[in-house]
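Reading through the structure tokens given below for one structure.
The values are calculated or read from the model by the stated rules, or taken from the named source; none is laboratory data. What you see is a predicted model; the values in this text were computed from it and never measured. Note: ideal-geometry Cβ built from the backbone for every residue, glycine included; neighbour counts use all protein chains shown.
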Amino acid sequence: MAGICDRLESLGIILPEAPSPVAAYVPAVQAGSLVFISGQVPMSEGSLLASGTVPGNVTLEEATSAARQCGINALAVLSAHLDGDLDRVEQVVRLGVFVASDPGFTDQPKVANGASELMEEVFGDAGRHARAAVGSVGLPLGASVEVEMIVQVRD
């Protein structure tokens, strides 16, 4: 199997520099073989890609794309934590996906698929994970989507 860096390249994904925390927390914490990645919003090149509620301010398609960007940012944090060695990932264990939702909006799972499908594209079967997709009245910085991740790694 090709390495994860090769897989990212074949998918046309260039990991950004790991985003800095916007409050009093750290981007990643490792406990044993589990790495917990703090929630990531859809930042790209210093700008928030999607803000406001879904579908009132952001379409379902835009929110799904934003969830993918959140996943890319989570991978950037994970890569920084692992000194660039994403081949140490044994399993993406869980994603938590939060969607700023208008009242009555119930397609949070469709939005979350943007991040979930990314993990499977990058890690194959090891990218299949448990997940929660939750509606929220608001998210940090006014983001439409936020994604957190738990990953099992080997030494």
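Screening the range 43-69 for residues that are small (Gly, Ala, Ser) and surrounded by fewer than 20 Cβ atoms within 10 Å (Cβ to Cβ) and picking the one that is nearest to the chain's Cα centre (by Cα) gives Ser65. Gln30 meets the conditions (1) at pLDDT below 95; (2) part of a strand (DSSP E or B); (3) among the polar types (S, T, N, Q) in every case but one. The failed one is (1).
Okay, residues lined up against (1) under 23 Å from Val134 (Cβ atoms); (2) aliphatic (A, V, I, L, M); (3) out of contact with any helix residue (DSSP H, G or I) (no Cβ under 8 Å at 6 or more places or on another chain); (4) part of a helix (DSSP H, G or I):
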site: Asp6; (1), (2), (3), (4): no, no, yes, yes
site: Glu9; (1), (2), (3), (4): no, no, yes, yes
site: Gly12; (1), (2), (3), (4): no, no, yes, no
site: Glu17; (1), (2), (3), (4): no, no, no, no
site: Tyr25; (1), (2), (3), (4): yes, no, yes, no
site: Glu61; (1), (2), (3), (4): yes, no, yes, yes
site: Ala67; (1), (2), (3), (4): yes, yes, no, yes
site: Asn73; (1), (2), (3), (4): yes, no, yes, yes
site: Ser79; (1), (2), (3), (4): no, no, no, yes
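Evaluation of Asp155 against the conditions (1) surrounded by 14 or more Cβ atoms within 10 Å (Cβ to Cβ); (2) more than 24 Å from Leu48 (Cβ to Cβ); (3) not β-branched (Val, Ile, Thr) shows that the sole unmet condition is (1).
When each of Asp83, Asp87 is tested for being part of a loop (DSSP other than H, G, I, E, B) and not aliphatic (A, V, I, L, M), the lone residue that passes is Asp83. Quick one: in the range 15-42, which of the residues that are surrounded by 15 or more Cβ atoms within 10 Å (Cβ to Cβ) and hydrophobic (A, V, I, L, M, F, W, C) is nearest to Leu139 (Cα to Cα)? Among them, the one singled out is Val41. Of all residues in the range 92-108, which are under 22 Å from Leu141 (Cβ atoms) and of a type in the set (A, V, I, L, M)? Leu95, Val97, Val99, Ala100 - these are the residues of the range 92-108 that are under 22 Å from Leu141 (Cβ atoms) and of a type in the set (A, V, I, L, M). Only one entry in Gly96, Gly135 is over 12 Å from the mean Cα position of the chain (by Cα), outside any helix (DSSP H, G or I) and surrounded by 15 or more Cβ atoms within 10 Å (Cβ to Cβ), namely Gly135. If you check Ile72, Ile14, Ile37 for being without any contact (Cβ under 8 Å) to a residue 24 or more places away in the chain and either more than 23 Å from Arg154 (Cβ to Cβ) or under 15 Å from the mean Cα position of the chain (by Cα) (or both), only one passes: Ile14. Within the range 118-131, is even one residue in a helix (DSSP H, G or I), touching a Lys or Arg at 6+ places or on another chain (Cβ under 7 Å) and buried (at least 23 other Cβ atoms within 10 Å of the Cβ)? Scanning the range 118-131, I find at least one residue that is in a helix (DSSP H, G or I), touching a Lys or Arg at 6+ places or on another chain (Cβ under 7 Å) and buried (at least 23 other Cβ atoms within 10 Å of the Cβ), so the answer is yes.
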